[in-house]
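See below for the structure under consideration.
The values are calculated or read from the model by the stated rules, or taken from the named source; none is laboratory data. This one's a predicted model, so the numbers in the text were calculated from it and none came from an experiment. Glycine gets a Cβ as well: all are built from the backbone with ideal geometry, and neighbour counts include every protein chain shown. Just the protein is used for accessible areas: all its heavy atoms, side chains included, with ligands, DNA and RNA removed. Shrake-Rupley method; radii C 1.70, N 1.55, O 1.52, S 1.80 Å.
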Amino acid sequence: MAAILTADDLYNTWKRVRDHHLEQTREVVSRETAWRNIPIEWISSISLEAPELWKGLEAHCTLVLRENQKINLVSRKSPEEQIRDNAFDGILLGLILYHVSRETEQRNLLLDAGSGSGVPGIPALLAMRALDPSRPYELVMIDANIKKQDFLA
């Protein structure tokens, strides 16, 4: 199991990338994502002290890494980094969905079509739950590939 996929390392990497982004530098510290297009206060709204988010990401990333040996869920060139980066993209999506839809009455359904490895749906759901644990969010994941459907189940 790769060390970068533990809850502590995911947390520390997120914190490092987030803090770097909050400094508003132009240096790229992770692959190109929507970091620059998301308001700073939204990124800061994810509590770094949300253990369920980081433990949930660790469990998901570990499962994807293990199952990636059997079926092609992510590139095998550098799967740990790709899984981590995909998970962080999912957190960003969760931030966007939560903040954009926070004024609506019904914001509890997330549909991930072409989910494959469960990204961005699972990390987005975890982030949304970290922001508002009282709301009963639901995630529906869809993939045309039967092996990936089995993995998602």
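One residue alone among Glu67, Glu52, Glu41, Glu81 is farther than 30 Å from Glu23 by Cα and out of contact with any Cys (no Cβ under 7 Å at 6 or more places or on another chain), and that residue is Glu67.
Here is a check on your reading of the model: is Gly90 assigned to a helix (DSSP H, G or I), of a type in the set (Gly, Ala, Ser) and either open to solvent by less than 60 Å² (accessible area, probe 1.4 Å) or free of Cβ contacts under 8 Å to residues at least 40 places away in the same chain (or both)? Yes, satisfied.
Within region 53-75, residues that are in a helix (DSSP H, G or I) and surrounded by 14 or more Cβ atoms within 10 Å (Cβ to Cβ) have Cβ atoms under 7 Å from residues that are of a type in the set (Val, Ile, Thr) and at pLDDT 90 or above in these pairs: His60/Ile122, counting only partners at least 6 apart in sequence or on another chain.
Within region 1-35, the only residue that satisfies the criterion of being part of a loop (DSSP other than H, G, I, E, B), at pLDDT 70 or above and under 28 Å from Asn68 (Cβ atoms) is Thr6.
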